[in-house]
1. Convert each backbone phi in region 165-172 into a coupling constant with the Karplus relation 6.51 cos²θ - 1.76 cosθ + 1.60 (shift: θ = phi - 60°), then list the ³J(HN,Hα) values in order as whole Hz, x for Gly and Pro.
2. When the chain is fully extended, how far beyond the present Cα-Cα distance does THR80 get from GLU170, taking 0.36 nm per residue of separation?
3. Quick one: which residues, 5+ away or cross-chain, put their amide H under 5 Å from the amide H of THR148? H built at 1.01 Å from N.
4. How long are the semi-axes of the equivalent ellipsoid of region 46-156, defined as square roots of 5 times the Cα gyration tensor eigenvalues? Whole Å, largest first.
5. Before rounding to the nearest 500, sum -39500 (n - 2.57) across all DSSP H runs of length at least 4 in the chain and divide by the residue total; then give [θ] at 222 nm in deg cm²/dmol.
6. Treat every Asp and Glu Cβ in the chain as -1 and every Lys and Arg Cβ as +1, leave all other atoms uncharged, and give the resulting dipole magnitude about the Cα centre to the nearest 20 debye.
7. If I take R0 = 30 Å and measure r between the Cβ atoms of THR180 and LEU160 in this structure, what FRET efficiency does the formula 1/(1 + (r/R0)^6) give, to the nearest 0.05?
8. Kindly state, to the nearest 0.05, the FRET efficiency for LEU69 paired with LEU104, given R0 = 30 Å and r defined as their beta-carbon distance.
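Quick note: the coordinates plus some simple rules give every number you see, no bench work behind them. Since this is a predicted model, take the numbers as computed values, not measurements. All Cβ positions, glycine included, derive from the backbone under ideal geometry; neighbour counts span all protein chains shown.
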Amino acid sequence: MSSPLIILLALALWGFVHSLLASLRVKRLVRRRLGDLARRSYRLAYNVFAGASLLPVLALVGLLPDRRLYTIAFPWLLMTAALQGLAFLALLIGLLQTGVSSFLGLSQLLSPTNGEHSELVLHGFYRWVRHPLYTAGLIFIWANPVMTANLLALNIGLTLYILIGAQIEERKLVQQFGETYRQYQKQTPMLFPCPLRRFGPRG
């Protein structure tokens, strides 16, 4: 079995488990069985597990046999570095707009009354796209100036996961926010701004 295929299969397994644990059904089951502490700590535990379980998949990129596909040379290298820098900055700003402690799960753990995603964020980058963190992540991974077969497999797997995950998250947000989110969907693109489309509501 080739290295890229192993990486894609490992990512598929990680993505399946990750999505399963993020589902409302599993969350309700865990909270029903383990009580209020599970409700408050679920997002933090979920994030820790997701990050830790992704590390072995990332390690495969460097450990398995690989071959270089291309390298972007100077001065075009400066453009890819700028894109990655802007994407990283956008990721940080998006996290601040979402609320870092809420995104990580710390505020849910420390506050008994704080629910997950209790408020729909419509300001900042969220006026331009519905999932700016995903947009920044996609730009960052694809702007890498060095591309190998293993890295290409990783990027394809992560892109598919983001696209599928965004659809799953959209359904959960519709369940939570109802018509408000449906109107937001109509007004605001999912991942990339459209100059011919009116931007979302001010938040």
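1. Each residue's phi maps through the Karplus curve to give x, 5, 5, 5, 5, 4, 5, 5 Hz.
2. Taking 0.36 nm per residue and subtracting the Cα distance, the gain is 29.4 nm.
3. Amide H neighbours of THR148: LEU69.
4. Values for region 46-156, descending: 32, 20, 9 Å.
5. That comes out to -23000 deg cm²/dmol.
6. Around 620 debye, computed over the chain.
7. Values: r = 29 Å, r/R0 = 0.96.
In this case the efficiency is close to 0.55.
8. On the way: r = 35 Å, r/R0 = 1.17.
It comes out at approximately 0.30.
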